[in-house]
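Engineer: Mind looking over this structure? Questions follow.
The values are calculated or read from the model by the stated rules, or taken from the named source; none is laboratory data. If you're wondering where the values come from, they're calculated on a predicted model, not measured in any experiment. Glycine also receives a Cβ, built like all others from the backbone with ideal geometry; neighbour counts cover every protein chain displayed.
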Amino acid sequence: MAARKTTKRLYLIPVLSKALDILELVQAENQPMTLESVHRQTRISKTTVYRVLKTFVHRGYLSQSPDGLYRQVTRQKKLRFGFAGQSAEMPFSNEVTESLKDAAASVGVDLLILDNRYDAATALKNAEEFVRSKVDLIIEFQVEQEVAPIIADKIAEANIPLIAIDIPHPHATYFGVDNYRVGIEAGETLAAYATANWGGRVNWVIGLDLPEAGQLVQSRIVGAFEGVRSGIPDLPVESYVRIDGRGMRDRSKMLVSDFLQRHPKDKHILIAAATDSSALGAVDAVRENKRDKHVVIVGQDCIAEAVAEMRRDRSPLIGSVSHEAASYGPSLMHLGLSLLRGQTVAPYNYVAHKMVTRELLD
């Protein structure tokens, strides 16, 4: 009985094999080549050759001169960025992370992602890990201002460029919203509601604050108060109250619930929250205390859950300032690559924002 012939199965991707044939041909020729010559020598369809060449040009493996000739590009090592997200439990942080992952993939940058867990000690450990990993650039998104100079000093000592999201860090290029301006727009929206629906009567203006993040982020509440004053200028200063919601839903719910229980007869309460997570905590408190008609809230970030809440009939959440999280990734990639190329960049780089209200959604 004849021995059975066995062959090793090859798991090949045909289109990838063709692409590598094209790249290896251009490398071997070591001189400019036309689309026609690549097609003739590889015997691959001209349409496929065209698309493969364009892809290699887009990803930086080949260049194309004005006369249409393709040539090999001497490539440097692939860049690697470190990104420390604020917290995997914070929706806005997750939206920024996804945007950054997509942008990094589109420009061929490797991305090492760590989670700061909304914790200063963890953020510091993550920064040390980036330094040990010798990344080319670090993008830091952490909320504790007190640890910011320690993190920034370690990164500067390693001579690694640093971009800080929302919270300024020494030695870092700032990227994020104009905190005071987004606060102004939130306050103006609250004042306009009170004027239109309550005849301008307001008992309290509450700022759900985030003091741990420092003065720049706290200016969201400063701006919100100023926005309310611009629309309702006669409110006494004692009507304005700041509460440390820490940007967290459960904490904000507990504190707002306590405030409402201490002021059971007040029917005109405005709340400006530093984040949508805080705003949603305030919504929870308002519903639990059956004060839906007495309170209106504006948040920051315009996360998906806040948008869904605004769509609910008679929700106390009447608006949120969108920080356009989807734009963070492309902008951060552009900013990071500019820094590594030695280009001059502005010390503060603001993203676009827009006020989103129930009426706009409808």
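Engineer: Kindly indicate whether any position in the stretch 335-355 is over 22 Å from GLN218 (Cβ atoms) and crowded, with 24+ Cβ neighbours inside 10 Å.
Structural biologist: Scanning the stretch 335-355 turns up at least one residue that is over 22 Å from GLN218 (Cβ atoms) and crowded, with 24+ Cβ neighbours inside 10 Å.
Engineer: Quick check on GLU24: is it among the acidic types (Asp, Glu), outside any strand (DSSP E or B) and in the same structural domain as PRO149 (by TED's automatic domain parsing)?
Structural biologist: Answer is no for this residue.
Engineer: Just the residues that are in contact (Cβ under 8 Å) with a residue 60 or more places away in the chain and surrounded by fewer than 24 Cβ atoms within 10 Å (Cβ to Cβ), please, taken from the stretch 297-322.
Structural biologist: Across the stretch 297-322, the qualifying residues are ALA304, GLU305, ILE318.
Engineer: Which residues, counting only those in the stretch 72-124, are surrounded by fewer than 16 Cβ atoms within 10 Å (Cβ to Cβ), of a type outside the set (A, V, I, L, M, F, W, C) and more than 11 Å from the chain's Cα centre (by Cα)?
Structural biologist: THR74, ARG75, GLN76, LYS77, LYS78, GLU89, ASP102, SER106, GLY108, ASP110
Engineer: Looking at this structure, is ASP153 assigned by TED's automatic domain parsing to the domain that holds LEU270, at pLDDT 95 or above and charged (D, E, K, R)?
Structural biologist: Answer is no for this residue.
Engineer: Moving to a separate point now. Answer yes or no: is there a residue in the stretch 143-159 that is surrounded by 22 or more Cβ atoms within 10 Å (Cβ to Cβ), in contact (Cβ under 8 Å) with a residue 24 or more places away in the chain and closer than 28 Å to SER257 by Cβ.
Structural biologist: Scanning the stretch 143-159 turns up at least one residue that is surrounded by 22 or more Cβ atoms within 10 Å (Cβ to Cβ), in contact (Cβ under 8 Å) with a residue 24 or more places away in the chain and closer than 28 Å to SER257 by Cβ.
Engineer: Sticking with this structure for a sec: Just to be sure I understand the filter: pairs with C-beta atoms under 9 Å, separated by 6 or more residues or on different chains, first member in the stretch 232-251 and free of Cβ contacts under 8 Å to residues at least 24 places away in the same chain, second member surrounded by fewer than 20 Cβ atoms within 10 Å (Cβ to Cβ). Which pairs pass?
Structural biologist: Hits for this filter: ASP234/GLY200.
Engineer: Taking the stretch 156-195, which residues are aliphatic (A, V, I, L, M), more than 24 Å from SER327 (Cβ to Cβ) and in the same structural domain as PHE225 (by TED's automatic domain parsing)? Before the answer, list the steps.
Structural biologist: Of all residues in the stretch 156-195, those aliphatic (A, V, I, L, M) come to 156, 158, 160, 162-165, 167, 172, 177, 182, 184, 186, 190-192, 194.
Of the ones still in play, those that are also more than 24 Å from SER327 (Cβ to Cβ) are 156, 158, 160, 190-192, 194.
Across the stretch 156-195, the qualifying residues are LEU190, ALA191, ALA192, ALA194.
Engineer: Taking VAL177 as meeting all but one of (1) free of Cβ contacts under 8 Å to residues at least 60 places away in the same chain; (2) in contact with a His (Cβ under 6 Å, 6 or more places away or on another chain); (3) closer than 17 Å to LEU100 by Cβ, write down the number of the exception.
Structural biologist: The number of the failed condition is (1).
Engineer: Can you tell me which condition ILE139 does not meet? The list is (1) farther than 26 Å from ASP250 by Cα; (2) surrounded by fewer than 20 Cβ atoms within 10 Å (Cβ to Cβ); (3) at pLDDT 95 or above; (4) not acidic (Asp, Glu), and all the others hold.
Structural biologist: Failed condition: (2).
Engineer: Would the stretch 212-228 turn up any residue that is surrounded by 18 or more Cβ atoms within 10 Å (Cβ to Cβ), of a type in the set (A, V, I, L, M) and outside any helix (DSSP H, G or I)?
Structural biologist: no
Engineer: Still on this structure, please answer the following. For the stretch 243-362, give me every one of the helices (runs of 4 or more DSSP H) that falls completely inside it and has 2 or more residues that are among the polar types (S, T, N, Q) and either more than 24 Å from the chain's Cα centre (by Cα) or not assigned by TED's automatic domain parsing to the domain that holds ASP209 (or both).
Structural biologist: 249-262, 328-340
Engineer: For the stretch 34-73, enumerate the residues that are β-branched (Val, Ile, Thr) and farther than 21 Å from ALA104 by Cα.
Structural biologist: THR34, VAL38, THR42, ILE44, THR47, THR48, VAL49
Engineer: Consider ARG117 against the criteria (1) among the basic types (Lys, Arg); (2) on the phi > 0 side of the Ramachandran plot; (3) without any contact (Cβ under 8 Å) to a residue 24 or more places away in the chain: it satisfies all of them except one. Which criterion is unmet?
Structural biologist: All conditions are met except number (3).
Engineer: Among the residues of the stretch 35-67, write down those that are outside any helix (DSSP H, G or I), surrounded by 13 or more Cβ atoms within 10 Å (Cβ to Cβ) and without any contact (Cβ under 8 Å) to a residue 40 or more places away in the chain.
Structural biologist: ILE44, TYR61, LEU62, SER63, GLN64 - these are the residues of the stretch 35-67 that are outside any helix (DSSP H, G or I), surrounded by 13 or more Cβ atoms within 10 Å (Cβ to Cβ) and without any contact (Cβ under 8 Å) to a residue 40 or more places away in the chain.
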